[in-house]
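The values are calculated or read from the model by the stated rules, or taken from the named source; none is laboratory data. Quick caveat: nothing in here was measured; it's all calculated off a predicted structure. Quick reminder, even Gly has a Cβ in these numbers, built from the backbone with ideal geometry, and neighbours come from all protein chains shown. Each accessible area value is taken on the protein alone, full model and side chains, heavy atoms only, with ligands, DNA and RNA left out. Shrake-Rupley method; radii C 1.70, N 1.55, O 1.52, S 1.80 Å.
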Amino acid sequence: MEHITLLLGIVIVTALVFDFTNGFHDTANAMATTISTGALRPKMAVAMSAALNLLGAFLSVEVAKTISGGIINEKGIRVEVIFAALVGAILWNLLTWLLGLPSSSSHALFGGLIGAAVSSAGWSAVNGSTIVTKVLIPAVAAPIVAGLASMLATRLSYAIGSRAENKATAKGYRAGSIASAGLVSLAHGTNDAQKTMGIITLALVTGGVIAPGSNPPTWVIVSAGLAIALGTYLGGWRIIRTLGKGLTDLAPQQGFAAQTSAATAILASSHIGFSLSTTQVCSGAVLGAGLGRKGGVVRWSTATRMLAAWIMTLPAAGLVGAGAELLTKQGTWGTAATGVLLIAGAGVIWSLSRRKPITVDNVNDVETEPVGVVTAAIAAVTPPPAGQLVTADTATDAAADLKATIPAPDAGPSAEPTRPATV
């Protein structure tokens, strides 16, 4: 066994940074619906999610083995390739976080890894069959399955509780939402924390530290679990707002149905080694919950932006990873320049996010979307309701009459000075 070199140590630290960004990027997966429905306070929700993410990291290593020995061929792959892949994944994670888009951290990692590997050794370095069966097919199927399950569960929940008192059912569903959110957090740890474990294990294999096919060492499991838990605790408030309030308005019944459906899909996939996107699963479940409630409103403009981010994630991260790999090929100075560019890019994105910060205090405040063309056209041709037509003159007269009926305030010495009304 060889010693860990300086470059390998930098790659491991960079992988843990990606794991940290994965944590705050994906906090919304577990806790957005719980926070938006008021089942838990935001800080309590992210603390609970962080603890369960850490616990979930120790439950399985199947996904880690898929990444460390299935996505690309380890032979001929340099440690710099792993570094370049992480650069692409981190920058895409930060960019989509800035935009408040719940894109897939998993696909950002896969895209960066594929792009860097192809740039280094050609298409032969990629295991196409593994990518199709364990990445692409789950990417398409998982959100659809979770969405349909969530829609049916929502309709069933409303049907069962139709004759019960609203306050009683809401309280019960809030408790169920907390439990199911905890299950999603646990499932997230079993799936997403393992991706970083797999990347670090792959780096250790390419660096000759451990043999190919080895399970992640214990220190890798612990460090990856702690990194994703810390990122989760800080809370990705921008994405929590989008997933909890920006896509649809959720009642407690819908939150419970969405969380339960998502957790079931994620745990089943982790068990069989499918490295799916927990973001896509949870987003599909929230969308299904919105469609499952009679009269529920889905903001399709937000859903369309999310879909565009999903489609762009793999190729965008792949292009950045490939470019970073071309730079690292230039030698030590190229690797150093790649690191500087990563830090500079992260700094720019962070400074842009401070212009309009979203914190725990305003995470549930949602700006009204502009009226679409179709909605505006319908409103323009819709006749006013039956009754007296109120014109500017009649409105002015009514206001004057109302003012005349209000007695003037006492102007005695103890009276407060008149202040303008605050709206």
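Just a few scattered comments:
- Amide H within-cut-off set for Asp249, under 5 Å, with H built and near neighbours excluded: Val297
- Within-15-Å neighbourhood charge of Ile349 [Cβ basis; K, R +1; D, E -1]: +4
- Neighbourhood net charge (14 Å Cβ-Cβ; Lys/Arg +1, Asp/Glu -1) for Ala309: +1
- Model label zone, Asp361; criterion: amide N under 16 Å from point 7 Å along Cα-to-beta-carbon; scope segment 17-59: 42-43
- Carbon/sulfur fraction of accessible area - segment 6-366, other protein chains in place, 1.4 Å, %: 70
- Residue-wise HN-Hα coupling along segment 303-320, computed from phi with Karplus coefficients 6.51, -1.76, 1.60 (Hz; x: Gly, Pro): 4, 5, 5, 5, 4, 4, 5, 4, 5, 7, 4, 4, x, 5, 5, x, 5, 5
- Debye, to nearest 20: dipole size of segment 82-231, +1 on Lys, Arg Cβ, -1 on Asp, Glu Cβ: 500
- Using the Cβ-Cβ distance between Arg163 and Ile137 with R0 = 41 Å, the FRET efficiency computed as 1/(1 + (r/R0)^6) comes to roughly 0.45.
- What segment 6-366 shows is 38 Å² of accessible area per residue, with the surface traced by a 1.4 Å probe over protein heavy atoms.
- Environment charge of Leu99, counting only residues whose C-beta is closer than 9 Å and scoring Lys/Arg +1, Asp/Glu -1: +2
- In a fully extended conformation the segment linking Leu234 and Trp219 would gain 3.1 nm over its present Cα-Cα distance, using 0.36 nm per residue.
- The slack between Ala344 and Arg41, meaning 0.36 nm per residue of separation minus the straight C-alpha distance, is 105.6 nm.
- Cut-off under 5 Å, modelled amide H: who pairs with Ile72 long-range: Asn127
- Evaluating 6.51 cos²θ - 1.76 cosθ + 1.60 at θ = phi - 60° for every residue in segment 102-119, the Karplus couplings come out as x, 7, 8, 5, 5, 5, 5, 5, 5, x, x, 5, 5, x, 5, 5, 5, 5 Hz, glycine and proline recorded as x.
- Cα centroid separation - segment 90-118 against segment 275-330, whole Å: 10
- Entries in Lys329/Lys356; Lys171/Lys356; Lys43/Lys356; Lys171/Lys195 that, when Cα-Cα distance is taken, lie over 27 Å: Lys329/Lys356; Lys171/Lys356; Lys171/Lys195
- For segment 6-366, the residue among Gly236, Thr332, Thr196 whose Cα projects farthest onto the positive side of the dipole built from Cβ charges is Gly236.
- Cα gyration tensor, segment 77-148 - rounded (a/c under 1.5), prolate or oblate: oblate
- At most 13 other Cβ within 10 Å, DSSP loop - trypsin sites (Lys or Arg not before Pro), segment 278-336: Lys294
- Ile4 versus Gln330: modelled label distance in nm, points set 7 Å from Cα along the beta carbon direction: 2.9
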